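Engineer: Sharing a structure below in structure tokens format, with a few things to ask.
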Amino acid sequence: MADPEPYIVLARKYRPQKFSEIVGQPGMVRILENAFRSDRLAHAFILTGVRGVGKTTTARIIAKGLNCTGPDGEGDKTTEPCGICESCTQIAEGKHLDVMECDAASRTGVDDVRVLIDSVGYQTADARYRVYIIDEVHMLSKNAFNALLKTLEEPPPHVLFIFATTEIEKVPTTILSRCQRFDLRRVESETLTTHLMSIAKAEGVDIDDAALALLVRASEGSVRDAISLLDQAIAYSGNRVQAEQVREMLSIADRSRILDLLELILAGSIGPALEEFVDQYQTGADPEAILGDLADTVHWLSVVRFTKKSIDDPTLSPAIRERGAALSQSLPLPELARAWQILVKCLAELVHVPNTKVAVEMAIIRLCAAAELPTPHDLLRRLEGTDRTALPAGTPTAQMTEGALPSSSQSGEQADSGHARTDEDSDRSADERLSRSDEFPKAETAIHPSLESPLVQSALQSFPQSKVIVDGKQIN
Ligand SMILES: [Zn+2]
């Protein structure tokens, strides 16, 4: 009986072998195909982008395309390397004598580069081109870059350099100016979804849409991560992959539960919000991920309000989209913006805290407390005189310069409830003043020292990053 085929991880099995198979980088592919066709290849390329978007894969395809001889050994350079000729197979196995691949993260010294460069002058063993692929090129030392530069200035015609880096800003401009640069983008969710679906189909795996959406979201635009996650999901659940299992596998909180939590937070319900968090924590969700998901959701709700397209996020289920659309209309934008600020701050603080669960609980308490405070819009309304009754008699009016976002009228009504409204014109002028600006909330507040009402105190708390100016001097 024949041995069963050895198992190959999906990321390797489905690694693109020709330009037409590269996922999600149509611009780069078109330029490279044209360059191959018109025989106008640069002598050096630099590929940049986050990990897993296909930098080294592209480099290898270029190397194969240049040296492929075709199945019959007669072929010329091509954008569709055959994958079966000696040249193609040797490059795929990393054994080709004229295709040198090195990782600058482990070989950064000038000596390493010198060894490499010394070989540039030689004729190729039997290939058309000698290709040098240097991964993480930004890690090279200054001297190594200088040594490389001389070669890049006058490379022999049969030599091609391909650099890959995740940190292009660390590559000297002298090098960059001698390379053709490609910025590989994070792959769009739609493209990744289609790609994963086709792999699942080829593997005979039945995967539901929600599970697919979760995998795509977790991969953050990296094809390699997406395929590895699919591999993991298949190992975890077998040939029928469902959202519930993927969620367990990724230890992520359910988006609908994140919306539950956010609603409790924005209603200022500390107790129920903490209970909801603990419940999610106990079912296996990571506290940091919950905080990150809250921030993502706040961002999503803010954006959905203005762009219809963002609601069509394929990584979200139709039910969640519907709920998000409704919520985004009902939640005042200043409240979302304030929640965002606090979340970003708390996320940054997590690195200093040994127990993330405790830190996230404190973050939730902070968010709930902030939700109780009036928004800048409410304050402005009250200070503009609509609610003069709220101020102690005889106090001078405080003024806030423009700098807050328009809020939906709902928050104003909630906060103002119980106060008689007498002057509609002044109300409207507050709206007009607010709607002119589009930044939030860096108000510069000018307040008279005698104005120590609770209202002003809450204004000070609402604008922790604002300057409060009294008689031309900042007092906070
Ligand atoms: Zn070939």
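Every read-out reported here was derived from the displayed coordinates using simple, explicitly stated rules and does not represent laboratory data. Everything numeric here is computed off the predicted structure, so don't read it as measured data. Positions of Cβ are generated from backbone atoms using ideal geometry, with glycine treated the same way; all protein chains shown enter the neighbour counts.
Engineer: Can you work out ³J(HN,Hα) from phi for every residue in the stretch 96-107, in order, using Karplus 6.51 cos²θ - 1.76 cosθ + 1.60 and θ = phi - 60°, giving whole Hz and x for Gly and Pro?
Structural biologist: Listing the rounded values in order: 5, 5, 9, 10, 9, 10, 9, 9, 5, 5, 9, 10 Hz.
Engineer: About its Cα centre, how strong a charge dipole does the stretch 265-374 have in debye, to the nearest 20, once Lys and Arg get +1 and Asp and Glu get -1 at the Cβ?
Structural biologist: 420 debye
Engineer: Distance between Cα centroids, the stretch 157-219 to the stretch 322-353: provide it in whole Å.
Structural biologist: The distance from the Cα centre of the stretch 157-219 to that of the stretch 322-353 comes to 29 Å.
Engineer: Something else about it: Which entries in 13/95; 309/357; 95/142 show an alpha-carbon gap greater than 25 Å?
Structural biologist: Violating the 25 Å limit, Cα to Cα: 309/357; 95/142.
Engineer: On full extension of the chain, what length is gained from residue 74 through residue 158, given 0.36 nm per residue of separation minus the C-alpha to C-alpha distance?
Structural biologist: 28.3 nm
Engineer: Can I ask one more? Which distance in Å, rounded to a whole number, links the C-alpha centroids of the stretch 1-62 and the stretch 275-297?
Structural biologist: The two parts, judged by their Cα centres, are 37 Å apart.
Engineer: Within straight cross-link reach of residue 77, meaning Cα distance under 18 Å, which lysines are found once same-chain residues fewer than 8 apart are removed?
Structural biologist: Candidates past the 8-residue exclusion: 18, 64.
Engineer: Scan around residue 241 for amide H atoms under 5 Å from its own, H built in the peptide plane at 1.01 Å from N, and keep only partners 5 or more places away or cross-chain.
Structural biologist: Distant-sequence amide H within range of residue 241: 206, 207, 208.
Engineer: Short version: ³J(HN,Hα) in whole Hz for each residue of the stretch 346-361, in order, from phi by Karplus 6.51 cos²θ - 1.76 cosθ + 1.60 (θ = phi - 60°), x for Gly and Pro, what are they?
Structural biologist: Once θ is set to phi - 60°, the couplings for the stretch 346-361 become 5, 4, 5, 6, 4, 5, 8, 10, x, 10, 5, 4, 4, 4, 5, 4 Hz.
Engineer: Counting only residues 5 or more places away or on other chains, whose amide H sits under 5 Å from the amide H of residue 45 once H atoms are built in the peptide plane?
Structural biologist: 161, 162, 163, 180
Engineer: Using the per-residue mean of other Cβ atoms lying within 10 Å as a proxy for protection, in what order, highest first, do the peptides 63-72, 345-354, 13-22 fall?
Structural biologist: The most tightly packed comes first, giving 63-72, 13-22, 345-354.
Engineer: May I ask which residue of 166, 91, 17 lies farthest towards the positive end of the charge dipole of the stretch 10-183, with charges of +1 (Lys, Arg) and -1 (Asp, Glu) on Cβ and the Cα centre as origin?
Structural biologist: 166
Engineer: Across the stretch 171-184, in residue order, what do the Karplus-derived ³J(HN,Hα) couplings come to in whole Hz, using 6.51 cos²θ - 1.76 cosθ + 1.60 with θ = phi - 60° and x for Gly and Pro?
Structural biologist: Per residue, the Karplus-derived 3J(HN,Hα) values read 8, x, 5, 4, 6, 4, 5, 9, 10, 7, 9, 10, 9, 7 Hz.
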